[in-house]
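Here the structure is laid out as structure tokens; the discussion comes afterwards.
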Amino acid sequence: MNLKKYFIRALHRLQKGPGYTYKELLVWYCDNTNTHGPKRIIKEGPKKKLIWFFLTLLFASLVFWQWGILINTYLSYNVTSSLSIGFKTMKFPAVTVCNANPFKYSEVKHLLKELDRLIEAALERILQPTPGNGSNTSSPPLDLELWHQIPLVLIDEHDKDNPIILDIFESNLAAGGNETAAGNQTAAGGNQTAESNQTSEGNQTAAGGNQTSEGNQTAAPPAPANTTSEEKKYKLAVKLCSHQGSGNCTYRNFTSAAQAVTEWYILQSTSILSRVPLQERIRMGYQAEDMILACLYGAEPCNYKNFTQIYHPDHGNCYIFNWGMDEEALNSSNPGAEFGLKLILDISQQDYIPYLSSAAGARLMLHQQKSFPFLKDQGIYAMAGTETSIGVLVDELERMGYPYSDCTMNGSDVPVKNLYSQYNTSYSIQACLRSCFQNHMIEICGCGHYMFPLPEGVNYCNNEDNPGWAYCYSSLRSSIKHRQICIDSCKETCNDTQYKMTISMADWPSEASEDWIFHILSYERDMSTNVTLDRNGIIKLNIYFQEYNYRTISESAATTIVWLLSSLGGQFGFWMGGSVLCLIEFGEIIIDSLWITVINVIGWCKGLKQKRAQARYPDAPPTVSELVEAHTNLGFQHEDAGALPRDEALPPEPGTPPPNYDSLRVQPLDVLGPDSDAETE
Amino acid sequence: MRWYCLNTNTHGCRRIVVSRGRLRRFLWILLTLSAVGLILWQCAELLLNYYSASVSVTVQFQKLPFPAVTICNINPYKYSSMKDYLSELDKETKKALETFYGFSEGKSKVRRSVGEWDSAGSDFFKQIPLLKFEDFSRTATDLRSGQKRKIEGSVFHKDSSIVNSGDSNDIIGFQLCDANNSSECALYTFSSGVNAIQEWYKLHYMNIMAQIPLETKEKLSYSADDLLLTCFFDGLSCDKRHFTRFHHPLHGNCYTFNSGENGTVLSTSTGGSEYGLQVVLYIDEADYNPFLVTSTGAKIIVHDQNEYPFIEDIGTEIETAAATSIGMHFTRSRKLSKPYSDCTETGADIPVENLYNKSYSLQICLHSCFQKAMVDSCGCAQYAQPLPAGAEYCNYKKNPNWMYCYYRLHEKFVKEQLGCQQICKDACSFKEWALTTSIAQWPSTVSEDWMLRVLSWDKGQKINKKLNKTDLANLMVFYKDLNERFISENPANTLVILLSNFGGQLGLWMSCSVVCVIEIVEVFFIDSLSIVMRRQWQRAKKWWNDRKRDRSGKAPQAGELERQGHDNPVCIDEDLPTFNTALRLPLPQDSPLPRTPPPNYSTLRLESAFTEQLPDTLEAGQR
């Protein structure tokens, strides 16, 4: 009903032409708006009018410009950080303790026996200045099969341009040396030495017993001592071939023999150990009851049963205190060493694998509950024979997620399959990077690296099944491209917790107390009166909260939507005294003027038609606007007067049609009915 | 005025004019004024807080540039090769030890050696006599002559300010005299002979070293081959080519890994100990200077490529026969410079010449400042800091006075009397590597054997001399994680935000804007000024006319009349028709206003106030 009425009115309006002109509309708007500038424009004299007009324009443009800036600021999603420092009751960190050495040598000896003999013989040859000291004549033949999978070679750099590559166990080394001397650097030279290796291998395996005497013969050339007294000319390198005996070889040069030997040993031993099932490896590692001799948390005694065992490929069996996997995490509500964790560990240094790890001590790490300990990255050492005190400050960083920063809450949106989820641990960037590397490794080399967890259905690399794995691994490891891919695809976590440690050390046990302490500890562990411990194996650890135990940096959005609105409002208010209502008013005016335009255009079209039809009339019929123009001034004055006393003090000139702009639009409203009705009808 | 109040957009004014009743009007005036006051106060507050900064911490996971790592042996020069220069001094020192403490020889021998001394005629003790005091009695035994003599001049206690040394029977010290004026002496005493001897030795040592040219010194110190046994970075071998030599005056030859000198800075893309720098250092304990350094090991410092390594100030010491693993965590900070805080971006605005060839830091500034003061007042440069242009290092021969001068100056410097601490500002941006250091035994007992053998082979020389594990130090420097923390200050306020806060304040209290301010300026200054001017003009005119006509007493009356009916005519005269109409229109309504109920839109809001106040006003009206 209303709609029909409305349409009828609109139609009428269309036929009649606009109720009033743009000018009227504008004047009316300027007069009635709440925005401050326009009112001035029409109320002042011509000079001031102009000034006010420009001022208003200037202010309007200022407002828009600054709005632009504000909105930009908002969209840049800045954050402010607030810092709080103090002491509060906090969860005690999870403490992971490991031995720097992964396995007991006595347990793994049978696996590594061959390897050790090889490396000893090789070292003998490299280091012995005089050939044939007869030390290895009695030893059984060496397993050169193992050697030739990843051989160590000696590079003679007397001639810088033509380095001679010498295999340490080369029987016909002179020939090999000559051959390789012809070849250039690594790849080309590698081709030939590889072949010579092949031939020599046949020789050696055939005449195993002869090998030692041959070795004695050839020990002279690699012995560097005579020649390199003034300058080091020999280098050790690990030769890595994509397939055994194939031409695709690289040499990993080492400036130091110690490094080369360690690297080589690690490659070989991982190959051997990767074939050992996990249960066996756990058995070969250090057992909790052997390693953790005493434990005290605050005043409460604890023992090795409070530790969760986890197998870590680098360090064998690791034990985590307060991991929070099964039970609630412990809280600590007091600072100071009295209320912290006190541990006595035994690392039994005599049982270390000699060539695998040269540093002796315990490895420990503080980390969050339910996170995987990445000891190589964040772990610290504790030295044997000392008491290490670690004061802890929890340094937390709480960040806002997207869109404020590019971090991930739980890693679910990272495109890398987290292999560490099998440990039931939370996401961390280290886990992501390692998983990423392992995935690449499986993709390219076809087998997983021993140091990282395996996805289902894939095996660890070893020399038998994957002869080229070392080559593949080494090229992958040094590939910048692959690293970058992993860095790009992994995201850091939003809540980053670090444990800042203040580490101090003292000798422990003291000379005076040494005897009884060793005695008691040995007795408790082994139930014997013999002292089985010594200074080189025993470590005391104190881990406690510092006086200020937390430093939390939390982010909050610098610009919220409320901030944006109030700033926008402030700007608009500051320059023009406007508000959202003013904007609506302005929108109304625009709609109105559009409406006028529509009416005008229609009117004009009609006029054109009429003009064409009745060309004899020279002028278009006078429009309503022209007619109304006569009383614009009056109307304006009247409106001005009426603006203040709007309700009662109605104008004294009732005869004139009030140029009520509302009439254009508000027809359905019956409040203003009389006016508009009078006009439209 | 009335016109303004009515027509202004500011809310309060209108109320004042429109309100009826004296009390209400007064209330409105009060409210308006307090609102204005509030606005002014708040805006002042805003302005005062304009130069504040908010801090934001961003963490970025990325490939990080590896810092430069500078490694020095604690002992600066090989003792064996320094023999030529230091033998005299060492002999003297040993004698001093004998005389004072009976070190290494029996008492009878001491007396004899003292006797020998006089004939030897030592230079060193002539320059700086080493003295032994007895009970603060102002008498001291001169080491050389064995005589007791009265000490004059001021006594400086290097140690005793902290520890009450009144009980200690012997105090040892040395005396520095102004060579030009021998009566002016400063006495430096130490409660312990260890400190005294070391300090005394160091003074002489610096003297001697200052005379040796740099090239010779570099040769006397350790070469890269001497110091570095193995090097391993990011899974690859490295050698001495990756190290840059850097001669430090107190630590001899130091070697900087990744100094960026050849234009490339290495970076790590994986954290963890395997991927950092692993070095085995050869310390050679046997070749240490026994008096100069008393500890064994190496010193390292992690710094930015552009930073000067102040290894003597902030170095970390590395133990021998141990593997020191240093985990790094990288933090970059940036402060806002003026006017937010008093820091400097490049150091260019500091009036101290940067003597170091590196980017500005507070430490550099302080050292340069001290060196400058030293050159200015003592005429020569201190040995531990680089030379300014045209100066040379102090030594006895040329500057016999320098030690006294140096000690005096140093005293002043420490007490902040040189003004260096005031001139030097801290740098606005800095990089920091937080280090977590831990130590493990190395090599382990079972691997010791082969490790030492192989390392001896690596050393390649003197195969007969097997390395001792106390000559070796293993060092690992690596990134714990690749998270870079960037702490930056941002301006908390920009002009835009300040303005919108102003706007918010103005709008909240008075619904006012810049337009209102302009209105006020317009009305109160321009218009009233013109009104006053016109009035003056007319008065002057009238007065002139009056005077012209006759000097009767009518003039002031006329003036008063004029003034009463003034406002409107003036306005009309001044302003052009539209203003006129605008002005005139409210006026007729003004007169009926008191009678008609105030048709104000605010009525809705203030109804409660009205009802309360209405009786009052009525009463007031009745009265």
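What is the order of A:290, A:31, fewest Cβ neighbours within 10 Å to most?
Lowest to highest Cβ neighbour count: A:31, A:290.
Mind running the shape call on segment B:204-345? Use the C-alpha gyration tensor, a ≥ b ≥ c as the square roots of the eigenvalues: rounded below 1.5 for a/c, prolate if a/b tops b/c, oblate otherwise.
oblate
Lys/Arg Cβ at +1, Asp/Glu Cβ at -1, dipole of segment A:263-339 taken about the Cα centre: which of A:316, A:302, A:333 is farthest positive-ward?
The one lying farthest along the dipole's positive direction is A:316.
Could you compute the FRET efficiency for residue B:41 and residue A:489, with r as their C-beta to C-beta distance and R0 at 45 Å, rounded to 0.05?
0.25
Taking the number of other C-beta atoms within 10 Å as the exposure measure, put A:67, B:509 in order starting with the fewest.
Listed from fewest to most nearby Cβ atoms, that is A:67, B:509.
Answer rounded, prolate or oblate for segment A:294-451, using the Cα gyration tensor with square roots of eigenvalues a ≥ b ≥ c: rounded when a/c is under 1.5, else prolate when a/b is larger than b/c, else oblate.
Oblate, since a/c reaches 1.5 and b/c is not below a/b.
Measure off 7 Å from each Cα along the Cα-to-Cβ vector at residue A:565 and residue A:53, then give the distance between these two points in nanometres to one decimal.
3.7
For segment A:308-419, what is the charge dipole size about the Cα centre, in debye to the nearest 20, if Lys and Arg each add +1 at the Cβ and Asp and Glu each add -1 at the Cβ?
With Lys and Arg at +1 and Asp and Glu at -1, about 240 debye.
Say the dipole of segment B:346-427 comes from +1 at the beta carbon of Lys and Arg and -1 at that of Asp and Glu; which of B:378, B:421, B:354 then lies farthest toward its positive end?
Value: B:378.
Calculate, for residue B:84 and residue A:510, the FRET efficiency according to 1/(1 + (r/R0)^6) with r their C-beta to C-beta distance and R0 51 Å; round to the nearest 0.05.
It comes to 0.70.
Can you quote the Å³ per residue value for the convex hull of the Cα atoms in segment A:484-624, rounded to an integer?
So the per-residue hull volume is 360 Å³.
Given Cβ point charges of +1 (Lys, Arg) and -1 (Asp, Glu) and nothing else, what value in debye, to the nearest 20, does the dipole of segment A:261-333 about its Cα centre take?
Here segment A:261-333 has a charge dipole of around 280 debye.
Any chance you could check the Cα centroid distance between segment B:377-455 and segment A:288-316 for me, in angstrom?
Segment B:377-455 and segment A:288-316 have Cα centres separated by 45 Å.
I need the Debye-formula profile for segment A:406-471: one equal scatterer per C-alpha, no solvent, reported as log10 I(q)/I(0) at q = 0.15, 0.16, 0.21, 0.30 1/Å, two decimals.
Evaluating at q = 0.15, 0.16, 0.21, 0.30 Å⁻¹ gives log10 I(q)/I(0) of -0.49, -0.54, -0.82, -1.35.
Assign one of three labels to segment A:249-386, namely rounded, prolate or oblate, based on the Cα gyration tensor with a ≥ b ≥ c the square roots of its eigenvalues; rounded applies when a/c is under 1.5, prolate when it is not and a/b is larger than b/c, and oblate otherwise.
prolate
For a footprinting-style exposure proxy, rank A:538, A:69 by other Cβ within 10 Å, fewest first.
A:69, A:538
Determine, from the Cβ-Cβ distance of residue B:422 and residue A:71 and an R0 of 41 Å, the FRET efficiency 1/(1 + (r/R0)^6), rounded to the nearest 0.05.
That pair, residue B:422 with residue A:71, gives E of 0.35.
Spin-label point model (7 Å from Cα, Cβ direction): what's the residue A:412 to residue B:435 distance in nm?
4.4
We did not get these values from a lab; they are worked out from the coordinates using the rules stated. No experiment lies behind these values; they were computed from the predicted model shown. Methodologically, a virtual Cβ is constructed for each residue, glycine included, from the backbone with ideal geometry; neighbour enumeration extends over all protein chains shown.
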